[in-house]
1. Once you have the Kirkwood Rh of the chain from its Cα pairs, apply Stokes-Einstein at 25 °C and 0.890 mPa s and quote D in µm²/s.
2. For the chain, what is the charge dipole size about the Cα centre, in debye to the nearest 20, if Lys and Arg each add +1 at the Cβ and Asp and Glu each add -1 at the Cβ?
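Bear in mind these aren't lab numbers, they're just calculated from the coordinates by the rules spelled out. Small disclaimer: the values here were computed from a predicted structure and weren't measured. All Cβ positions, glycine included, derive from the backbone under ideal geometry; neighbour counts span all protein chains shown.
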Amino acid sequence: MRAALLFCLAGLAAGQTSPRYEELKRVIDRNTGFAHMTRGMNMFTLYALRSCVTEKDLPVLGQLLTDRDRVTRMSAANVLIDFGTPGKEAIEKRLRALTPKDIDDRLMLTDVLNEGASKDYKPILQYPLTDRERDGIRGCK
C-alpha cells in the first residue's frame with residue numbers, strides 16, 4: 001500500500017512544472033501566430049521568448065524541448081541555439097534522447113542546429129522590428 005502511494009506521488013511530481021516553465025510557455029502561447037487556420041511559431045514568438053530568458057533559463061528551455069506542444073518545442077529550440085555552445089549542447093542532448101520514431105523532432109532539431117551553424121545566422125534580438133511590431137509583443141511580466 002505504501003509503495004503504491006509513493007509511486008502515485010512520484011508520478012504526480014514528475015508531471016509538475018516550475019512556475020518559470022509555465023511563464024515561458026505562456027509567453028510562447030501569447031505570441032503564437034495563425035496562418036491558414038494553423039497555429040505556428042513566428043518571428044514574434046521567438047523575439048518574445050528570447051527577450052525573456054537568460055543563460056540561467058537554459059535548463060527550463062531544455063525542458064520545453066520535451067513539451068507535448070510542437071510550437072513550444074520549436075520555439076525553445078530556436079531560442080536555445082541563440083545562446084551558442086550551451087544552447088547547442090542542450091539541443092544535442094535532446095537529440096540523443098529521441099527514439100527512432102521521433103523523426104519530426106529529430107528533423108526539426110537538426111534544422112535548428114544547421115541554421116545556428118550557418119555563417120548567415122542572425123541573433124534573434126537583432127531581428128529588424130518596427131516600434132509598432134515591438135509594441136505588439138507580449139513578453140514576460
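1. Numbers: Rh = 16.2 Å.
In µm²/s, the coefficient rounds to 152.
2. Computed about the Cα centre, the dipole is about 320 debye.
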